[in-house]
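Colleague: Before we start, here is the structure in question, set down as structure tokens.
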Amino acid sequence: MNQPEISKLCIFDCKSSHLVKRLIFCYLIGCLIPCGYALQSQDTAQHSFPAYLLHKDFQTQWLVTDSFRSKLFDKDNHYIYSQLENLKNWSLQNGDPQLGYRFELLKLLRLNDQDNSSTDIEQKYFEIFAKINNQKLKYLQPEALQYLAQYYWKKKKFALALENYLNANFAYSKFTADEFPEKAEFLFELGGRYYYFRDFITAKRYFLEFWQTIPNNKIDNKVSKMNTTALCYGNLELYDSSRYYFQKAMEFATETKDEAWIGIISGNLGNIFYKQKKYDEAITLFEKNIEISTKYQIMEDLAVSLSQYGELLLIKNNPKKALETELKSLEIVRLKNLFQRPIAISRIYPNVAKAYAANGQYQIAYAYLDTSYHVKDAIELERNAVFVSGVQHKIDVEKHKAELQKTQEVIKQQNIIRNAIIIVFLIVLIAFLSFYFQQKKLKWTQIKLLQSEKLAALGQLSANIAHEVNTPLGAIRSSAEESSRAFEEILTDFIWFSKTLNEEEKNSFFHFVMQHNGKMQNLSTKEEREIKKIMKEELLVLGIENARFLSDKLVQVGILEVTPELITLTKSPYFDRLVMMTYNIRNQDHCNQTIQLAVDKASRIVKALKTYVHTSNSEEVKAVNIRENIETVLTIYNNRLKQGIKVIKNYGQVPEIYGSPDQLNQVWTNLIVNAVQAMDNNGILTIEIKDEEDYVSVSIGDTGKGIPKNIQGKIFEPFFTTKSSGEGTGLGLHIINRILKGASLSFNSIEGEGTTFYVKFPKVKAS
């Protein structure tokens with residue numbers, strides 16, 4: 001097992017200089033805070049603000065002003081803006097722009113929090129940027145960029161926000177954590193932004209840098225940060241590291257007796273155990289989360305945990321209770337209006353769909369699954385749209401005004417895309433509310449699945465079909481060429497024949513040729529070789545010098561013995577030429593027979609293919625000859641079957657049945673192909689058609705590996721498959737089961753011996 005990637009969570013030793021700064025900080029806080037609240041004007045600021053804070057190092061100024069901010073921001077806006085403006089002016093008048101502009105940044109930060117509707121905040125940031133850059137105040141640059149990034153983020157201008165976050169990170173990188181106290185918290189904030197956009201790899205990098213930068217005893221919201229880090233590792237499937245951070249978070253939550261966080265972490269940790277298939281541990285943790293979430297009314301967390309708990313019940317083969325649990329989760333979503341949180345729908349709806357499917361309610365299952373896909377797509381498009389703008393590239397390449405305008409144009413386009421997504425989502429929801437449309441959609445989906453399965457099968461068979469068609473075509477081509485050659489020689493020979501031979505010789509020749517006018521005989525190679533040997537020896541006895549060549553030609557055209565007619569011809573001085581003339585006549589006839597057989601075979605293949613491919617949009621039900629229906633599929637798959645499959649056919653005399661020929665083709669195709677694949681293209685395929693008392697029965701058996709007992713109950717489930725990735729969708733048997741309305745489908749399988757599927761069609765009783 002890989003070791004978890006764990007950040008350094010040890011407590012760093014403090015340097016002596018840092019200890020001095022902390023003592024100064026404590027003293028200044030005691031002096032500054034009481035005086036600060038009394039400030040009402042610039043004059044009071046000049047007399048009450050501690051002058052020794054002027055021109056101090058930035059770390060000291062930051063510690064004091066940051067604490068001052070946390071105390072001051074409890075007041076009303078007018079008071080806060082007045083005090084910060086006075087402090088800024090006083091600092092500038094006393095020659096400390098670093099301290100003065102720090103107060104101005106705090107004022108803008110307050111505007112971010114309280115007055116985000118203001119249209120001039122952005123301009124104010126640009127103005128203070130100019131001041132900071134002119135004064136070369138390096139310590140203020142990263143903070144200013146961070147505050148501007150926070151402003152854009154709150155305005156949902158994500159591209160501009162990320163641009164400024166990355167600029168701020170570049171500025172922070174020039175300082176150590178001791179030089180800049182805010183650096184560590186900024187790293188976690190930046191990691192959180194990437195986590196939002198599901199860029200978990202980048203988020204993990206910043207989270208890890210955060211834990212390595214800040215001492216453990218200085219972390220605010222430690223449990224929350226641990227939990228977020230753990231979630232990030234979980235999304236990257238780094239489960240050991242994820243469990244480590246969840247367990248650390250649980251320890252801190254337990255120490256502080258924060259029961260709400262204990263519940264949340266339990267649910268998150270349970271999800272990790274679920275992904276690792278440690279279901280018993282996961283169930284215990286989900287139950288704990290459900291209990292605590294119910295107690296503290298953490299409704300979204302409760303809904304998600306119930307849904308995940310329901311999925312575990314499915315795995316434990318309790319579909320009824322699983323559906324009840326999923327419906328409880330769904331009820332919370334409805335009551336608390338969590339539809340506004342698409343993430344809840346994208347996580348819960350698929351589990352609801354699975355529960356309905358496990359209980360045989362496939363139509364409702366498909367509806368929930370379809371909705372979840374659309375919502376998930378909407379989430380991903382919204383979250384990933386910002387990266388279309390190429391933020392990282394712009395940071396690396398250019399930072400000018402023209403680039404800013406380009407970014408704003410991209411954001412405009414993103415808004416158009418987001419609005420389009422919302423419109424599409426609303427259309428889907430409206431369609432979902434219409435039962436009639438849902439029924440039509442499900443039916444259309446089924447038809448498409450049927451057709452896609454058939455087309456996929458045809459695609460796999462294209463090479464086989466091409467071979468089946470090319471074989472007779474090649475025979476036709478070669479026979480036609482040979483026939484043409486023989487015909488030309490016959491014409492020449494007949495001119496010679498009519499001028500040279502007398503009437504008696506002509507009559508003997510014609511009598512000999514007519515004696516052997518018939519179909520060619522199919523001989524084995526061994527048989528043909530023996531006949532040629534015997535005929536050669538007999539011709540040699542008759543004094544024929546070219547006996548071997550002539551016997552070979554005679555046997556080729558079906559003359560298998562030395563007849564009296566042939567003996568008569570041997571007396572002619574033109575015997576050799578008469579034999580070749582006979583060969584050409586008989587060979588031309590043989591070529592014509594071959595062409596006829598090839599045409600018949602090609603016609604059968606084309607007819608079978610046309611029957612197989614034909615689709616009936618009306619799904620017309622009519623009388624079907626099962627034998628012909630199955631033979632059509634066998635003809636299409638002939639080339640594949642003959643490579644290693646022995647087909648045994650036991651066809652009884654059975655009546656016609658009523659059904660859709662096209663859909664029945666799909667049934668036999670799936671069952672035959674599955675059988676061939678189960679045997680690895682080498683075995684015995686047995687097809688039997690029987691007339692039983694009330695049924696017409698079809699069985700298709702193989703001698704393959706058989707189906708393991710532990711999965712026999714799942715083979716008709718949609719998307720379940722034992723085939724390798726890319727070899728099957730897991731829909732074949734599920735579709736067959738849906739096609740065979742009124743018929744029954746069953747099977748018997750023995751591991752190591754094979755599988756037989758049985759299809760029984762009820763007989764149509766005469767009225």
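Colleague: Viscosity 0.890 mPa s, temperature 25 °C: Stokes-Einstein D of the stretch 138-273 from its Kirkwood Cα radius, in µm² per second?
Modeller: Value of D from the Cα-based Kirkwood radius: 157 µm²/s.
Colleague: I've got another one for you. Give me Leu634, Leu148 ranked fewest to most by other Cβ atoms within 10 Å of their Cβ, as a rough exposure proxy.
Modeller: Leu634, Leu148
Colleague: Can you give the alpha-carbon Rg of the stretch 553-592 over 2.2 N^0.38 Å, where N counts its residues?
Modeller: Computed over Cα atoms of the stretch 553-592, the ratio equals 1.16.
Colleague: Here's a follow-up. Net charge around Ile585, counting only other residues with Cβ within less than 11 Å of its Cβ (Lys, Arg = +1; Asp, Glu = -1)?
Modeller: -2
Colleague: Working out 0.36 nm times the residue gap between Leu92 and Arg548, then minus their Cα-Cα distance, what length gain in nm do you get to one decimal?
Modeller: Extending this stretch completely gives an extra 151.9 nm.
Colleague: Then there is this: Quote the FRET efficiency, to the nearest 0.05, computed for Thr176 versus Lys136 with a Förster distance R0 of 30 Å and r equal to the Cβ-Cβ distance.
Modeller: Details: r = 20 Å, r/R0 = 0.66.
Result of the calculation: an efficiency of 0.90.
Colleague: With the calculation restricted to Cα positions, what are the radius of gyration and Dmax of the stretch 108-199 in angstrom?
Modeller: Cα only, the stretch 108-199: 13.1, 39 Å (Rg, Dmax).
Colleague: Using label points projected 7 Å from each Cα along Cα→Cβ, tell me how many nm separate Gln515 and Glu324, to one decimal.
Modeller: 9.5
Colleague: Could you give the alpha-carbon Rg of the stretch 236-277 over 2.2 N^0.38 Å, rounded to two decimals?
Modeller: Computed over Cα atoms of the stretch 236-277, the ratio equals 1.15.
Colleague: Going by how many other beta carbons lie within 10 Å of each one, how would you line up Thr568, Thr582, fewest first?
Modeller: On the way: Thr568 15, Thr582 22.
Exposure proxy ranking, most exposed first: Thr568, Thr582.
Colleague: Going down the list Lys248/Lys714; Lys156/Lys204; Lys56/Lys107; Lys288/Lys336, which pairs span over 29 Å between their C-alpha atoms?
Modeller: In this structure, Lys248/Lys714 exceed 29 Å between Cα atoms.
Colleague: Sticking with this one: State which entries of Lys155/Lys412; Lys646/Lys709; Lys275/Lys354; Lys225/Lys412; Lys278/Lys320 exceed 24 angstrom in Cα-Cα distance in the structure shown.
Modeller: On the way: Lys155/Lys412 13 Å; Lys646/Lys709 27 Å; Lys275/Lys354 17 Å; Lys225/Lys412 34 Å; Lys278/Lys320 22 Å.
Going by Cα-Cα distance, Lys646/Lys709; Lys225/Lys412 fall outside the 24 Å limit.
Colleague: Here's another thing I want to ask about it. Taking the stretch 217-322, which trypsin sites (Lys or Arg not before Pro) meet the DSSP loop condition and have no more than 15 other C-beta atoms within 10 Å? Could the numbers behind the result be given before it?
Modeller: On the way: sites: Lys218, Lys222, Lys225, Arg243, Lys248, Lys257, Lys275, Lys277, Lys278, Lys288, Lys295, Lys316, Lys320, Lys321; in loops: Lys257, Lys277, Lys278, Lys316.
Taking the stretch 217-322 and a limit of 15 other Cβ atoms within 10 Å, the loop trypsin sites (Lys or Arg not before Pro) found are Lys257, Lys277, Lys278, Lys316.
Colleague: Still on this structure: Please report Rg (one decimal) and Dmax (integer) in Å for the Cα set of the stretch 466-606.
Modeller: Radius of gyration, then largest Cα-Cα span, for the stretch 466-606: 16.8, 53 Å.
Colleague: Per 0.36 nm of contour for each residue apart, how much would the distance between Asp66 and Leu745 grow if the chain were fully extended, relative to their Cα-Cα spacing?
Modeller: On the way: separation 679, 0.36 × 679 = 244.44 nm, distance 7.51 nm.
Going from the current span to full extension adds 236.9 nm.
Colleague: Grab every C-alpha pair in the stretch 210-262, bin the distances at 5 angstrom width from 0 up to the longest one, and report whole percents.
Modeller: All Cα pairs, binned at 5 Å, distribute as 4, 22, 28, 25, 15, 5 percent.
A short reminder: the numbers here are calculations on the coordinates, not readings from a lab. All values reported here derive from a predicted model rather than from experimental measurement. Every residue, glycine as well, gets a Cβ built from its backbone with ideal geometry; the counts of neighbours run over all protein chains shown.
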